[in-house]
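Beneath this line is the structure, given in structure tokens, with notes to follow.
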Amino acid sequence: MGRFENYIKDVMYWNEELQKFLQSDGVDRNDEIWSKLDGMTDMVEGLKQPDNLNETELYNLQSKVEELHREMEDYYQKRQSIGSIYVNHPYVKAGEHSLPPLPYSYDALEPAISAEIMELHHTKHHQSYVDGLNKAEKNLVDARKSGDFSLVKHWSRELAFHGSGHYLHTIFWNNMTPNGGGKPSGKLLQEIERYFGSFEAFKKHFSEAAKAVEGVGWAILVWAPRSRHLEILQSERHMLLTQWDTIPLLVLDVWEHAYYLQYKNNRGDYVNNWWGVVNWNDVESRFKQAFHLKWKPF
Ligand code: MN
């Protein structure tokens with residue numbers, strides 16, 4: 001057994017971990033840190049007898065490892081100072097949503113959508129959703145503090161109506177651009193063609209769904225992580241008590257079929273006893289996966 005065998009093993013393992021890290025972090029292949037890492041890989045692979053290094057080889061390897069170590073520390077530090085922008089605002093506190101700025105000027109989408117509509121839609125309508133959502137969240141904070149949930153139905157409704165309004169409009173503004181149109185490409189186009197048959201068929205379905213929404217609402221292209229296919233949905237008004245752009249973590253079925261045979265009309269006992277069978281491991285695992293999704297906070 002060579003004198004430095006464990007050291008070489010550690011270096012190779014570290015090298016692999018670094019590659020995985022840079023890959024998962026989406027570091028550009030042209031970034032200098034990649035060429036430094038590749039340099040070390042070449043060096044390790046070029047060792048004629050990795051089991052039996054001579055002093056010079058070991059010295060060269062060690063200094064390469066140290067150099068890379070410093071580089072990685074710099075990289076982490078840079079990344080963290082960029083990250084700290086988000087660390088300072090890691091989440092939107094209850095009642096602290098704000099109106100996102102439009103990613104273009106009010107007249108940028110003309111002639112498809114006039115500047116007058118855009119300005120009104122953004123500064124009046126969207127703003128009122130933001131205000132309504134903040135108000136609902138603050139009132140529910142008060143309810144949790146006081147234990148008085150007599151208005152929970154009202155505030156849940158407000159939460160859904162204004163929450164969906166705020167989240168959907170935030171998506172909507174970014175879904176549009178003055179240089180838009182045409183077709184998507186890559187994976188999205190593949191999925192559209194796979195599920196809807198063709199881009200034209202998708203477009204027709206989406207348009208018809210939009211035109212046929214009863215009263216006011218939205219047409220929505222969604223991704224279903226469960227069935228792993230796209231779908232087109234309609235949303236009347238825009239909520240029916242949901243908040244679009246959210247992911248369910250823990251759900252409780254309170255349809256009568258879920259408890260009536262056993263509890264008759266006593267839904268309260270059913271709800272209280274249900275807590276005894278909640279699988280928190282499952283909820284945690286759903287949360288862990290959902291947590292990876294990060295849209296810009298507003
Ligand atoms: Mn609107």
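What follows draws every value from the coordinates through simple rules; no lab data is involved. Here the structure is a predicted model, which is why all the values come from computation and not from measurement. Because the Cβ atoms are built from the backbone with ideal geometry, glycine has one as well, and the counts that use them run over all protein chains shown.
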Taking region 127-159, which residues are among the hydrophobic types (A, V, I, L, M, F, W, C) and over 30 Å from Leu102 (Cβ atoms)? Ala143, Phe149, Leu151, Val152
Taking region 146-155 as the search range and keeping residues that are touching a helix residue (DSSP H, G or I) at 6+ places or on another chain (Cβ under 8 Å) and part of a helix (DSSP H, G or I), which one is surrounded by the most Cβ atoms within 10 Å (Cβ to Cβ)? Trp155
Criterion (under 26 Å from His292 (Cβ atoms) and surrounded by 12 or more Cβ atoms within 10 Å (Cβ to Cβ)) met by exactly one of Leu68, Leu22, Leu53, Leu61: Leu22
Candidates Leu120, Leu133 - the one that is within 16 Å of the ligand (Cβ to nearest atom) and closer than 20 Å to Gly163 by Cβ: Leu133
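Is it fair to say Lys204 is surrounded by fewer than 11 Cβ atoms within 10 Å (Cβ to Cβ) and either free of Cβ contacts under 8 Å to residues at least 24 places away in the same chain or over 30 Å from Gly95 (Cα atoms) (or both)?
On the way: surrounded by fewer than 11 Cβ atoms within 10 Å (Cβ to Cβ): no; either free of Cβ contacts under 8 Å to residues at least 24 places away in the same chain or over 30 Å from Gly95 (Cα atoms) (or both): yes.
It is false that Lys204 is surrounded by fewer than 11 Cβ atoms within 10 Å (Cβ to Cβ) and either free of Cβ contacts under 8 Å to residues at least 24 places away in the same chain or over 30 Å from Gly95 (Cα atoms) (or both).
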Candidate set from region 145-196 (those that are more than 16 Å from the ligand (Cβ to nearest atom) and in contact (Cβ under 8 Å) with a residue 60 or more places away in the chain); member that is farthest from Thr246 (Cα to Cα): Pro178
